[in-house]
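Participant: Quick one: the structure is below, questions incoming.
The values are calculated or read from the model by the stated rules, or taken from the named source; none is laboratory data. What you are looking at is a predicted structure, and each value in this text was computed from that prediction instead of being measured. Note: ideal-geometry Cβ built from the backbone for every residue, glycine included; neighbour counts use all protein chains shown. Accessible surface is based on the protein model in full, side chains and every heavy atom, while ligands, DNA and RNA are left aside. Shrake-Rupley method; radii C 1.70, N 1.55, O 1.52, S 1.80 Å.
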Amino acid sequence: MSIRPLVILPDSRLRLISDPVMRVDARVRAIVEDMFETMYDAPGVGLAAIQVGIPERIVTIDVGPREAEGKEGGEGSDEKRPIALINPEIVAVSEDLSVYSEGCLSIPEYYADVERPASVRVRYMDINGETREIDADGLLATCVQHEIDHLDGVLFIDHISKLKRDRVVKKFTKLARDKERDGV
């Protein structure tokens, strides 16, 4: 297992549409392991393969204790609840909407309120290649939608106003230019 470097805005790879995984094998399982290690190290609650430069439809998520606050294993617990989604697709969404303040490992230290369906049903393959479905609500629903968006070249900033989005892109473009100029 290894921590992989994150792809950061304005890198054009973040706009790629990821390819389906044809077969879940040792190579894909190794990518999933690296993605979990990278996600936990960042730290984050979700990661799409494209965020580590792999244009394949693979997502890792762990909203863990955050979803269980006030329950056994809640806040203060280190309990992990990792989920790997291969070729995930949203098959149903609720009419109810919810708003979460979203952030992204590829857009560090920027957060914005995004409105999305409050719950979703997702079909995916697990790391054994078995087809599964999950019903997600709360933070898990938001995270699943956010990560599946990445697989389609969509960033959470695409769900905010054009003015705010343009400011964010301009800021990260300048930061990337400055890093390049400074040889970092």
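Participant: With a Förster radius of 30 Å, plug the Cβ-Cβ distance of LEU16 and GLU79 into 1/(1 + (r/R0)^6) and report the FRET value to the nearest 0.05.
Facilitator: For LEU16 and GLU79, the calculated efficiency is 0.30.
Participant: Please check: in the Gaussian network model of the chain (C-alpha springs, under 10 Å), which one of SER18, SER94, SER106 has the largest mean-square fluctuation.
Facilitator: Top of the fluctuation ranking is SER94.
Participant: Using only the alpha-carbon atoms of segment 106-182, report the extent along each of the three principal axes, biggest first, to the nearest angstrom.
Facilitator: 47, 28, 18
Participant: If you count only protein heavy atoms with a 1.4 Å probe, what accessible area per residue comes out for the chain, rounded to a whole Å²? Don't skip to the answer; put the middle values down first.
Facilitator: Numbers: 10110 Å² over 184 residues.
Per-residue accessible area for the chain comes out at 55 Å².
Participant: With both partners inside the chain, how many of the DSSP beta bridges are antiparallel, as a percent to the nearest 5?
Facilitator: 95 percent
Participant: Just need the relative contact order of the chain here, percent rounded to a whole number, with Cα pairs under 8 Å and 6+ apart. Please list the in-between numbers first.
Facilitator: Working: 338 pairs, mean separation 42.9, N = 184.
That works out to 23 percent.
Participant: So which lysines pass the test for LYS162, namely a Cα distance under 30 Å, with those fewer than 8 places away in the same chain ruled out?
Facilitator: Within reach: LYS170, LYS171, LYS174, LYS179.
Participant: I would also like to ask the following. Suppose every K and R has +1 on its Cβ and every D and E has -1 on its Cβ; what is the size of the dipole of the chain about the Cα centre, in Debye to the nearest 20?
Facilitator: Working: 25 positive and 35 negative charges, 189 e Å.
Dipole about the Cα centre, nearest 20: 900 debye.
Participant: Determine which lysines satisfy two conditions relative to LYS80: a Cα distance under 25 Å, and not lying fewer than 8 residues away in the same chain.
Facilitator: Result set, ordered by chain and number: LYS71.
Participant: Also: For LEU175 and ASP113, what is the calculated FRET efficiency with R₀ set at 30 Å and r taken between the beta-carbons, to the nearest 0.05? Write out the running numbers ahead of the final one.
Facilitator: Details: r = 23 Å, r/R0 = 0.76.
About 0.85, to the nearest 0.05.
Participant: Continuing with this model, one more query. Under a crude label model (7 Å from the Cα following the beta-carbon direction), how far is GLU33 from SER161 in nanometres?
Facilitator: Simple spin-label model gives 4.8 nm for this pair.
Participant: Can you show me the helix-derived [θ] at 222 nm for the chain, built from DSSP H runs with n ≥ 4 at -39,500 (n - 2.57) apiece and divided by the number of residues, rounded to the nearest 500.
Facilitator: Values: 3 runs with 50 residues, N = 184.
The helix contribution divided over the chain gives -9000 deg cm²/dmol.
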